[in-house]
1. Show the residue pairs meeting these rules: Cβ distance below 6 Å; 6+ apart or different chains; first residue within the stretch 20-37 and touching a residue at least 40 places away in the same chain (Cβ under 8 Å); second residue of a type in the set (Lys, Arg).
2. Just to be sure, is residue 97 closer than 17 Å to residue 25 by Cβ, modelled with pLDDT under 80 and among the polar types (S, T, N, Q)?
Amino acid sequence: MKPLLLAGLLFTEGCSRQPALNYRHCLKLRVGMTREQVFAAMGPPEETFPYIEGRTLPHLKGRTAYEWSTPASMPAQNRVSIDDASGKTVSIRCGDSVVTAAVYVEPPESAAPTPPTTPATPTPPRRGPRERGSSSAQSSGRPLTE
């Protein structure tokens, strides 16, 4: 009987930690990430909400929303909205936080390192024609003589 009780306690402890992990993973997501990148970070979604004509808000047309649980102290679930056509993340809500400003930038295809360059030697500034002659002649309005 005791091993069964111990196994039950361990199972519930693992379940109670998952919402907190979901929230921490959600905060690492960025707008522009692909569906695959989101699922790799968050795991499979607990709920999926595809756009349904007449039942979903019009501004969500062409998007699918995915939800993951959050700790009980949070007012809302973790929700990621992904554009169906491009497969890119459009909006992210982690519990009560909305991720909008940070945009994910995909790394370049080839990550070949570039060789370091040596800094160029500085050249002295060139003097223009106005810098020749005396400043008193320029300020007095007299013509410059050479």
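The values are calculated or read from the model by the stated rules, or taken from the named source; none is laboratory data. What you are looking at is a predicted structure, and each value in this text was computed from that prediction instead of being measured. Positions of Cβ are generated from backbone atoms using ideal geometry, with glycine treated the same way; all protein chains shown enter the neighbour counts.
1. Here the result reads 32/88, each pair linking the stretch 20-37 to a residue that is of a type in the set (Lys, Arg).
2. Details: closer than 17 Å to residue 25 by Cβ: yes; modelled with pLDDT under 80: yes; among the polar types (S, T, N, Q): yes.
When the stated conditions are applied, residue 97 passes them.
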